[in-house]
Amino acid sequence: MSGARVTAEGDRTDHLAGAEGAVLRADELVAGYLPGVNILNGSDLYVRPGELVAIIGPNGAGKSTLLKALFGLVKIRSGSVHLEGEEITGLGADKLVRRGVGFVPQNNNVFPSLTIGENLEMGLYQAPKRFKERFAAVVDLFPTLGQRRNQRAGSLSGGERQMVAMGRALMMEPSVLLLDEPSAGLSPALQDEVFVRTRQINRTGVSVVMVEQNARRCLQICDRGYVLDQGRNAYSGTGRELAQDPKVIELYLGTLST
């Protein structure tokens with residue numbers, strides 16, 4: 001591929017070809033929060049095993065709505081979602097967690113009155129007997145969580161809370177992790193740590209879908225990316241292709257966080 005593709009409405013040949021063997025795929029999703037008002041207007045996405053996929057675009061483009069639709073938090077009016085070849089369209093979040101999908105929301109993503117250890121326990125409430133095994137795996141990625149296991153999450157900084165939220169989502173050993181604006185509100189140094197940790201998680205074999213406003217940094221670490229605009233795929237390509245494409249830079253990257 002020589003550059004980022006413009007995703008023409010109705011032309012889905014590249015998507016259908018690339019989606020073969022995907023661990024997670026969404027086809028022509030139409031979804032929204034209010035009756036008769038669609039935020040997603042036919043968006044497609046696929047994630048291959050072990051990939052890190054970015055979703056970027058202007059405010060109001062439908063990025064977070066897409067993630068929530070994948071996780072069963074927004075009603076899908078038409079289209080479909082498949083996980084490892086099995087349709088999961090409209091399944092509830094609890095069932096998706098059991099099937100191997102983790103989700104880290106942007107806001108209210110920890111239980112502030114609980115300790116770090118208790119937050120991680122909450123991530124494994126469907127399989128409590130695995131706590132010792134999964135706790136060891138998560139603190140291997142995030143050593144600070146183990147060292148400060150008994151500290152209340154409410155006393156943590158924003159960056160530390162993000163680590164707890166990501167750790168909790170990993171407790172059920174997901175095959176796919178959905179991250180909604182993980183760097184939002186953090187200092188540049190802490191943002192960088194989040195991106196480094198995200199890549200670390202991905203390198204353990206977890207496929208990651210990451211919605212981000214810090215588009216340039218996100219494109220540096222992702223394998224592929226989608227640019228959403230008005231609930232549709234506007235461009236897609238590798239992270240490098242999108243970051244270097246003149247039209248993407250002109251239309252989107254100049255208006256997004258750097």
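The values are calculated or read from the model by the stated rules, or taken from the named source; none is laboratory data. Because the structure is predicted, anything quoted here is derived from the model rather than measured. Here the Cβ positions follow ideal geometry from the backbone for every residue, glycine too, while neighbour counts run over all protein chains shown.
What about residue 131, is it buried (at least 19 other Cβ atoms within 10 Å of the Cβ) and either within 30 Å of residue 59 (Cα to Cα) or touching a helix residue (DSSP H, G or I) at 6+ places or on another chain (Cβ under 9 Å) (or both)? So residue 131 does not fit the description; no. Kindly indicate the residue of segment 61-71 that is in contact (Cβ under 8 Å) with a residue 60 or more places away in the chain and of a type in the set (Gly, Ala, Ser) and also surrounded by the most Cβ atoms within 10 Å (Cβ to Cβ) among those meeting that condition. My answer is 62. Reported count of residues in segment 202-219, each being assigned to a loop (DSSP other than H, G, I, E, B) and either closer than 23 Å to residue 174 by Cα or out of contact with any strand residue (DSSP E or B) (no Cβ under 6 Å at 6 or more places or on another chain) (or both), is 4. Of the residues making up segment 220-253, those that are outside any strand (DSSP E or B), crowded, with 24+ Cβ neighbours inside 10 Å and at pLDDT 95 or above are 222, 242.
Checked against (1) in contact with a Cys (Cβ under 7 Å, 6 or more places away or on another chain); (2) under 30 Å from residue 125 (Cβ atoms), residue 56 meets all criteria but (2).
There is at least one residue in segment 147-165 that is crowded, with 19+ Cβ neighbours inside 10 Å and closer than 25 Å to residue 76 by Cβ. Within segment 96-129, the set of residues being farther than 19 Å from residue 161 by Cβ, touching an Asp or Glu at 6+ places or on another chain (Cβ under 9 Å) and at pLDDT 95 or above comprises 99, 100. Note on segment 183-194: residues that are outside any loop (DSSP other than H, G, I, E, B) and surrounded by fewer than 20 Cβ atoms within 10 Å (Cβ to Cβ) amount to 5. Listed by first and then second residue, the pairs linking a residue in segment 1-26 that is farther than 19 Å from residue 42 by Cα and exposed (fewer than 12 other Cβ atoms within 10 Å of the Cβ) to a residue that is of a type outside the set (Ser, Thr, Tyr) and modelled with pLDDT of 80 or more, with Cβ atoms under 9 Å apart and 6 or more places separating them unless they lie on different chains, are 1/237; 1/241; 2/241; 21/48; 21/49; 21/85.
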